[in-house]
Amino acid sequence: MRESGHDVRVVPTQSALEFVGRATWEALSGNPVTTTVFDDVHEVAHVRIAQHAQLIVVAPATANVLAKAASGIADDLLTSTLLMATAPVVFAPAMHTEMWHHPATQANVSTLRDRGALVVEPASGRLTGVDSGPGRLPEAAALAEICEVVLDRGSVSADLAGKRVVISAGGTREPLDPVRFLGNRSSGRQGWALAAAAVARGAHVDVVSANVDLPDPAGANVVSVGTGEELHKAVLELSGAADVVIMAAAVADFRPDHVSKGKIKKTDDDSVPHISLVRTVDVLAELGTSGGDRPLLVGFAAETVDPGPQLVGLAAHKLASKGADLIVANSVGVDRGFESAVNAVTIVSASGVERDIPSTSKAGIANAVWDVVLQHLPRAGDQ
């Protein structure tokens with residue numbers, strides 16, 4: 001977070017210093033580190049830290065810390081700061097699977113969520129020793145993504161609580177032979193930001209990831225795929241229970257009609273191999289024209305035209321032809337869109353331009369997209 005320009009204050013517990021020393025935390029954060037309210041008494045540290053914080057992140061959040069926070073215990077600088085906090089609070093639990101599933105821990109998590117805290121579901125994987133399962137701390141980059149979307153909004157209000165969302169991200173690869181493929185330059189960063197924002201806003205999130213080289217989004221279920229057909233199958237399986245499907249992945253429009261069993265090699269006569277292409281399945285159109293009780297559908301349109309009327313026109317055409325509810329359109333090229341930390345988009349519905357978002361972080365884009373999606377979702381009591 002400090003590398004992104006944020007001022008970071010580390011407040012460890014005494015036990016945390018058994019793993020990483022005070023000097024290391026001070027060097028990394030650029031701020032003094034203490035564990036007790038009895039240091040720098042003239043500053044009243046827990047009051048000053050809590051009042052100045054725009055976000056408080058507890059990572060890893062042990063079962064002990066969760067229990068203290070839920071019970072309002074304030075016996076060190078961290079728990080005293082939490083009791084003073086008015087800024088958004090994010091807990092990233094990490095513990096053995098049995099401790100995470102224990103009724104006491106789950107009750108404490110429910111209490112903290114009811115009070116407005118964001119408790120990110122732990123990752124599954126290798127734990128301390130030979131154990132494996134839910135309880136692993138998500139990767140630091142994934143937690144940072146969650147923090148960025150919370151900072152962008154300034155709150156952790158769970159306005160997507162109870163909603164199930166499916167997000168496709170990345171770019172599909174259609175094999176030509178065992179070593180080559182037809183693909184694209186999509187990094188999956190925008191899809192990842194959408195997933196982080198949905199998690200932060202309380203949704204159950206399934207991500208269909210096509211060749212994304214990023215740590216899994218914290219708190220989301222990830223299904224990895226490679227080709228357009230694999231993505232098609234995964235999205236259809238997950239969409240049946242979904243309230244929203246966002247097709248942010250760059251799915252290939254064409255694939256080779258035939259995949260060579262061996263590597264396609266150059267020949268001595270310099271002849272060029274002929275590669276016949278066929279259309280891939282259009283996942284968005286299939287969902288949009290399926291009829292019946294379907295989820296709200298959001299498509300992405302990556303176009304090589306400049307922002308403006310032409311981009312809006314292409315988005316409107318895609319909206320109508322695919323049967324989608326919203327299209328998020330952006331201009332892409334060598335130096336914009338793909339593989340970039342920022343983006344600029346126009347959100348189009350059947351009513352016209354819903355929102356025009358100038359260049360900003362992908363976390364900011366993600367929150368804006370969800371704001372528009374919420375306006376189109378049925379509200380409680382609507383018929």
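Say whether the condition of being surrounded by 16 or more Cβ atoms within 10 Å (Cβ to Cβ) and among the hydroxyl-bearing types (Ser, Thr, Tyr) is met by at least one residue in region 318-339. Yes, the conditions are met somewhere in region 318-339. When region 276-289 is filtered for residues that are assigned to a loop (DSSP other than H, G, I, E, B) and either closer than 23 Å to Ala169 by Cα or under 32 Å from the mean Cα position of the chain (by Cα) (or both), the ones remaining, listed by number, are Thr280, Val281, Asp282, Thr289.
For Gly154, are the conditions met, namely being of a type outside the set (A, V, I, L, M, F, W, C) and either touching a Phe, Trp or Tyr at 6+ places or on another chain (Cβ under 6 Å) or under 28 Å from Arg115 (Cα atoms) (or both)? So Gly154 fits the description; yes.
For region 204-219, filtered to residues that are within 22 Å of Val90 (Cβ to Cβ) and modelled with pLDDT of 95 or more, the residue that is surrounded by the fewest Cβ atoms within 10 Å (Cβ to Cβ) is His204.
Val90 - would you say it is surrounded by 20 or more Cβ atoms within 10 Å (Cβ to Cβ), β-branched (Val, Ile, Thr) and in contact (Cβ under 8 Å) with a residue 60 or more places away in the chain? Show your work before the answer.
On the way: surrounded by 20 or more Cβ atoms within 10 Å (Cβ to Cβ): yes; β-branched (Val, Ile, Thr): yes; in contact (Cβ under 8 Å) with a residue 60 or more places away in the chain: yes.
Yes; evaluated as a whole, the condition is true for this residue.
Filter region 26-51 down to residues that are surrounded by 14 or more Cβ atoms within 10 Å (Cβ to Cβ), of a type outside the set (Ser, Thr, Tyr) and assigned to a helix (DSSP H, G or I) and give me whichever is modelled with the highest pLDDT. Applying the filter and picking the extreme gives Glu26.
Filter region 220-275 for residues that are in contact (Cβ under 8 Å) with a residue 40 or more places away in the chain and assigned to a strand (DSSP E or B) and give the result. Once the filter is applied, which keeps residues that are in contact (Cβ under 8 Å) with a residue 40 or more places away in the chain and assigned to a strand (DSSP E or B), region 220-275 yields Val225, Val244, Val245, Ile246, Met247, Ala250, Phe254, Arg255, Pro256. Name the single residue, out of those in region 111-128 being assigned to a helix (DSSP H, G or I) and out of contact with any strand residue (DSSP E or B) (no Cβ under 9 Å at 6 or more places or on another chain), that is surrounded by the fewest Cβ atoms within 10 Å (Cβ to Cβ). Per the stated criteria, the residue is Asp114. Of the numbered criteria (1) surrounded by fewer than 23 Cβ atoms within 10 Å (Cβ to Cβ); (2) among the β-branched types (Val, Ile, Thr); (3) more than 24 Å from Val372 (Cβ to Cβ), the one Val156 fails is (3).
In region 52-87, how many are part of a helix (DSSP H, G or I), of a type in the set (A, V, I, L, M, F, W, C), free of Cβ contacts under 8 Å to residues at least 60 places away in the same chain and in contact with a Ser or Thr (Cβ under 6 Å, 6 or more places away or on another chain)?
Residues flagged as part of a helix (DSSP H, G or I), of a type in the set (A, V, I, L, M, F, W, C), free of Cβ contacts under 8 Å to residues at least 60 places away in the same chain and in contact with a Ser or Thr (Cβ under 6 Å, 6 or more places away or on another chain) within region 52-87 amount to 2.
For region 263-312, a tally of residues being of a type in the set (A, V, I, L, M, F, W, C), under 23 Å from Gln190 (Cβ atoms) and modelled with pLDDT under 90 returns 2.
Conditions tested, residue by residue: (1) part of a helix (DSSP H, G or I); (2) under 29 Å from Ala344 (Cβ atoms); (3) modelled with pLDDT of 95 or more; (4) in contact with a Gly (Cβ under 9 Å, 6 or more places away or on another chain).
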{"site": "Val130", "(1), (2), (3), (4)": "no, no, no, no"}
{"site": "Pro138", "(1), (2), (3), (4)": "no, yes, no, yes"}
{"site": "Ala142", "(1), (2), (3), (4)": "yes, yes, no, yes"}
{"site": "Val156", "(1), (2), (3), (4)": "no, yes, no, yes"}
{"site": "Val165", "(1), (2), (3), (4)": "no, yes, yes, no"}
{"site": "Ala169", "(1), (2), (3), (4)": "no, yes, yes, yes"}
{"site": "Ser186", "(1), (2), (3), (4)": "no, yes, no, yes"}
{"site": "Ala195", "(1), (2), (3), (4)": "yes, yes, yes, yes"}
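The values are calculated or read from the model by the stated rules, or taken from the named source; none is laboratory data. Note that the structure is a prediction, hence the values are computed from the model and not measured. As a convention, Cβ positions derive from the backbone with ideal geometry for all residues, glycine included, and neighbour counts pool all protein chains shown.
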